[in-house]
Amino acid sequence: MHASSLSRRAVLAGTAAAAALTAVPVLQGRAYGAESAATPTYRWRTAVIGGTGFVTGVLFHPSVRGLAYARTDIGGAYRWDDRAARWTPLTDHLGWDDWNLLGVEAIAVDPAHPDRLYLALGTYAQSWASNGAVLRSEDRGATWARADLTVKLGANEDGRGAGERLLVDPRDSDTLWLGTRHDGLLKSTDRGATWAAATGFPGTPSATGQGVTLLVAAGRTLYAGWGDSDGTSAAANLYRTGDGTTWEAVPGQPSGTAAKVPIRAAYDKNTRELYVTYANAPGPNGQSDGSVHKLRTTDGKWTEVTPVKPGGTTSDGSADTFGYGGVAVDACRPGTVVVSTNNRWAAVDTLYRTTDGGRIWTSLKDAAAFDVSETPFLKWGGDQPKFGWWIQAVGVDPYDSKHVVYGTGATLYGTRDLKNWAPQIRGLEETAVRQLISPPVGEAHLLSGLGDIGVMYHERLTASPSRGMASNPVFGSATGLAQAATRPAYVVRAGWGDNGNGAYSNDGGQTWAPFKAQPAIAKDAPGPIATNADGSVVLWSFVHWDGTKYPAHRSADNGATWTEVSSFPKGATPVADPADPALFYAYDTDTGTLLASTDSGLSFTARATGLPSGDSQFKLVAAPGRSGDLWLSVKWNGLYRSTDGGATFSKVDSCWASYTLGFGKAADGADYPAIYQVGSTETITAVYRSDDGAKTWVRINDDAHQWGWTGEVIVGDPRIHGRVYLATNGRGIQYGEPV
């Protein structure tokens, strides 16, 4: 799926930059804080797409029929509501400062106390990311208590589909265990309120960042998988303890597994056998070998039960390489187990199921029938959906042997008869959103540019777009999306594609055609794209995923030919004037310079200089229907406005931080469009609206609806005052409306 790196610089860097701006004129205004009596009541919902991200874990509660939980790599955790047949998000309350906690490393439930739930949170273990945390709930995630950790977790790093790394001790519900990547095994004796290093655990962490890959209870014995083995034949990667104090390497570990990573494990209490999946890399990428073994815990006997050994060839001669990932046992039927392959691209991943303890396996893919009509994007621009990929989360309902679910890099599939499969994904939205447009006319009120699944045309907000991903060509991640302001039927898009990286639409984004040609650099570095007010010119900027910037190119014939624009700042985002087709703008973040073109993008010259520079968090937005009315969001340096096409800017003092800004329909009686922003007016970062040209703001989200990092894009609806669309980095598209 996606690894959305959101490195954040120290607040001090923003403070220093702000100190250098004392000479900038200030527009006076008054800010409303979060507690303002003027704050309207908003209803927030998620625009329906259906999944779209990597579901890294799914856990049926062993003691409660119909209760299950799911975790994702960057989009939080969810609880399954069996009556409503949908998922309820559990971590939307995490705010801007806690963006790193939207990745869920592990989930744990307490079989003896069905209402208790525990989450281990932390998306990245890098130096720039915050430490992890453990949330604990006594009401199935309706409310939480929090314990901040002194270590980092990595829910969006390699090995994120392993686990679970969090476990309630079956001998004592007050005791919890947490496996970390770099800091060994942690233990809590007060139900997750405090944590300390577990004594006696023999694993020594290394730089690979895997550490403890799984924790599982087999009766009263705890087992821990270890991912930092040195790969020698004598190395141990599975440990156990019978008393919670003394740990030992599990004797007789199977030959060949020392060079592999134990990915997941499941215990069949009926046969008293522990099943373990292995792969030669933590995954989800990079696995080319793997196996499945079971341990009879009564006498310590190991047996290999691998369904199919990796390394053969497919019918077209491709190498059939893969690892093994998910494993789940059927609580109702002894010896019935389901395992998944992972990273099997040639023959496509599958689930294998056995009813006799692993002697005979059946591939569930072979007889599978899929219905993805509820989430058509899963056809990926073709006629048929894949069975899946990145399959490391597998669950078997302990009360229904034929109810099996498994996670992929884009959805969660479920079956009730082992043959007919459909997405079991309602309510779970994990899209990383990159661009949003709300057209002024037409059927759709929203177009979106997304990570991994390209561009979508949202005829309705309550159903997945019927056209699925925009095709001709199909993109992976979108990098640009723009609409001609005075000719809204014309839309252009850019992104990572196998058959072209740019396309245009003449019907408002319903259907697309690829540009007849594209600059050579577009294949390796597709970036932001813009079209001028009447759609006669396209300006395309190029930025490689590693940050390398390249010269922009211009086309005046709908993408048939392109010419380099040497005066355009490399890598900048082009912005079209919404009223004058001859005007384009660009903000050079390296120098703090606003550049403008008066010849439809042929050349750019500097206008305002001395503006904030050096920070990647800049958003230049043109106010709709007005020429030369520009707004610049500058992260910790606040908000700036120009009414003369960027010749001069004045600082708006009604907020001290502005991360992204957009416009919507004006309030009744107002002479300026509604302004929406993610920023800070007083003490907290939140979502705000202004109906008086940014003189005052009201907060329109609340503490229960924050969604972590929301600094990419925000846009109001030009046809409905008060409706706003907000991009999140892992919780899809949120939209709010006054109640």
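The values are calculated or read from the model by the stated rules, or taken from the named source; none is laboratory data. These numbers come from a predicted model, not from an experiment. Cβ atoms come from the backbone with ideal geometry, glycine included; neighbour counts cover every protein chain shown. The accessibility values were calculated without ligands, DNA or RNA, using every heavy atom of the protein model including side chains. Shrake-Rupley method; radii C 1.70, N 1.55, O 1.52, S 1.80 Å.
Residues T298, T341: which one is open to solvent by 50 Å² or more (accessible area, probe 1.4 Å) and either assigned to a loop (DSSP other than H, G, I, E, B) or in contact (Cβ under 8 Å) with a residue 12 or more places away in the chain (or both)?
T298
Is it the case, given these coordinates, that A235 is farther than 19 Å from S288 by Cα, small (G, A, S) and not in a loop (DSSP other than H, G, I, E, B)?
The answer is no for A235.
Can you pull out the residues in region 95-117 that are crowded, with 23+ Cβ neighbours inside 10 Å and more than 20 Å from G219 (Cα to Cα)?
W99, N100, L101, L102, G103, V104, E105, A106, L117
Looking only at region 690-704, filter to residues that are closer than 16 Å to V715 by Cα and outside any strand (DSSP E or B); which one of those is most open to solvent (accessible area, probe 1.4 Å)?
In this case the residue turns out to be D691.
State all residues of region 455-477 that are closer than 14 Å to V491 by Cα and under 19 Å from the mean Cα position of the chain (by Cα); if no residue qualifies, say none.
Scanning region 455-477 gives V455, M456.
Do any residues in region 244-271 that are among the acidic types (D, E) have Cβ atoms under 6 Å from those of residues that are not in a loop (DSSP other than H, G, I, E, B), where the two are at least six apart or on different chains, and which pairs are they?
D268/V329
Is there a residue in region 660-674 that is in contact with a Pro (Cβ under 7 Å, 6 or more places away or on another chain), basic (K, R) and either more than 15 Å from D97 (Cα to Cα) or open to solvent by less than 20 Å² (accessible area, probe 1.4 Å) (or both)?
yes
Grab the strands (runs of 3 or more DSSP E) fully contained in region 384-474, keeping just those with 3 or more residues being touching a residue at least 40 places away in the same chain (Cβ under 8 Å) and surrounded by 23 or more Cβ atoms within 10 Å (Cβ to Cβ).
394-396, 404-407, 433-437, 446-450, 454-458
Let's see how each residue does on (1) over 19 Å from I437 (Cα atoms); (2) not hydroxyl-bearing (S, T, Y):
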residue: G502; (1), (2): no, yes
residue: G508; (1), (2): no, yes
residue: T511; (1), (2): no, no
residue: A520; (1), (2): yes, yes
residue: G535; (1), (2): no, yes
residue: F568; (1), (2): yes, yes
residue: D577; (1), (2): no, yes
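Of all the residues that make up region 43-57, how many are surrounded by fewer than 24 Cβ atoms within 10 Å (Cβ to Cβ) and in a strand (DSSP E or B)?
Number of matching residues: 4.
Sort out which residues of region 303-330 are part of a strand (DSSP E or B), touching a residue at least 40 places away in the same chain (Cβ under 8 Å) and open to solvent by 40 Å² or more (accessible area, probe 1.4 Å), and write them in order of number.
Selection gives T303, E304.
Would you check if there is a residue in region 713-721 being surrounded by fewer than 22 Cβ atoms within 10 Å (Cβ to Cβ) and modelled with pLDDT under 95?
No - not one qualifying residue is present in region 713-721.
Filter region 234-260 down to the residues that are open to solvent by less than 20 Å² (accessible area, probe 1.4 Å), at pLDDT 95 or above and either under 33 Å from the mean Cα position of the chain (by Cα) or among the charged types (D, E, K, R) (or both) and list them by number.
Once the filter is applied, which keeps residues that are open to solvent by less than 20 Å² (accessible area, probe 1.4 Å), at pLDDT 95 or above and either under 33 Å from the mean Cα position of the chain (by Cα) or among the charged types (D, E, K, R) (or both), region 234-260 yields only L238.
Taking the condition modelled with pLDDT of 95 or more, surrounded by fewer than 19 Cβ atoms within 10 Å (Cβ to Cβ) and either at negative phi or of a type in the set (S, T, N, Q) (or both), does R71 pass?
In short, no.
Just a yes or no: is a residue in region 436-459 touching a strand residue (DSSP E or B) at 6+ places or on another chain (Cβ under 6 Å) and among the charged types (D, E, K, R)?
Yes; the residues of region 436-459 include at least one that is touching a strand residue (DSSP E or B) at 6+ places or on another chain (Cβ under 6 Å) and among the charged types (D, E, K, R).
Could you please give the count of residues in region 351-369 that are open to solvent by 20 Å² or more (accessible area, probe 1.4 Å) and not in a strand (DSSP E or B)?
Going through region 351-369 one residue at a time, the tally reaches 9.
Pick out the one residue from T362, T411, T354 that is among the polar types (S, T, N, Q), at pLDDT 95 or above and under 28 Å from the mean Cα position of the chain (by Cα).
One residue alone meets the criteria, T411.
Given the condition closer than 22 Å to L620 by Cβ and surrounded by fewer than 21 Cβ atoms within 10 Å (Cβ to Cβ), answer yes or no: does some residue in region 488-509 qualify?
Yes, region 488-509 contains at least one residue that is closer than 22 Å to L620 by Cβ and surrounded by fewer than 21 Cβ atoms within 10 Å (Cβ to Cβ).
Is it the case, given these coordinates, that W636 is within 18 Å of W709 (Cβ to Cβ), aromatic (F, W, Y) and touching a strand residue (DSSP E or B) at 6+ places or on another chain (Cβ under 6 Å)?
Yes; evaluated as a whole, the condition is true for this residue.
Consider G468 carefully, then state whether it is touching a helix residue (DSSP H, G or I) at 6+ places or on another chain (Cβ under 6 Å) and more than 21 Å from A522 (Cα to Cα).
Yes.
Assess whether N237 counts as being of a type in the set (S, T, N, Q), in contact (Cβ under 8 Å) with a residue 60 or more places away in the chain and either touching a strand residue (DSSP E or B) at 6+ places or on another chain (Cβ under 9 Å) or within 23 Å of A106 (Cα to Cα) (or both).
So N237 does not fit the description; no.
For every residue, the table says whether it meets (1) in a strand (DSSP E or B); (2) without any contact (Cβ under 8 Å) to a residue 60 or more places away in the chain; (3) of a type in the set (V, I, T).
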position: L59; (1), (2), (3): yes, no, no
position: V64; (1), (2), (3): no, yes, yes
position: A68; (1), (2), (3): yes, no, no
position: R79; (1), (2), (3): yes, no, no
position: D92; (1), (2), (3): no, no, no
position: L101; (1), (2), (3): no, no, no
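Given T591, T605, T598, T561, which one is in contact (Cβ under 8 Å) with a residue 40 or more places away in the chain, open to solvent by 60 Å² or more (accessible area, probe 1.4 Å) and polar (S, T, N, Q)?
Among T591, T605, T598, T561, only T561 is in contact (Cβ under 8 Å) with a residue 40 or more places away in the chain, open to solvent by 60 Å² or more (accessible area, probe 1.4 Å) and polar (S, T, N, Q).
Tell me the residue from V348, V372 that is under 30 Å from V492 (Cβ atoms) and part of a loop (DSSP other than H, G, I, E, B), please.
Going through V348, V372 in turn, just one is under 30 Å from V492 (Cβ atoms) and part of a loop (DSSP other than H, G, I, E, B): V372.
Give the residues of region 638-683 that are farther than 17 Å from Y725 by Cβ and assigned to a strand (DSSP E or B), sorted by residue number.
Selection gives L639, Y640, R641, S642, S650, K651, V652, A657, S658, S680.
If we scan region 257-275, do we find a residue that is in contact with a helix residue (DSSP H, G or I) (Cβ under 7 Å, 6 or more places away or on another chain) and of a type in the set (S, T, Y)?
Taking every residue of region 257-275 in turn, none turns out to be in contact with a helix residue (DSSP H, G or I) (Cβ under 7 Å, 6 or more places away or on another chain) and of a type in the set (S, T, Y).
Out of F584, F542, F568, which single residue is touching a helix residue (DSSP H, G or I) at 6+ places or on another chain (Cβ under 6 Å), open to solvent by less than 20 Å² (accessible area, probe 1.4 Å) and on the phi < 0 side of the Ramachandran plot?
F542
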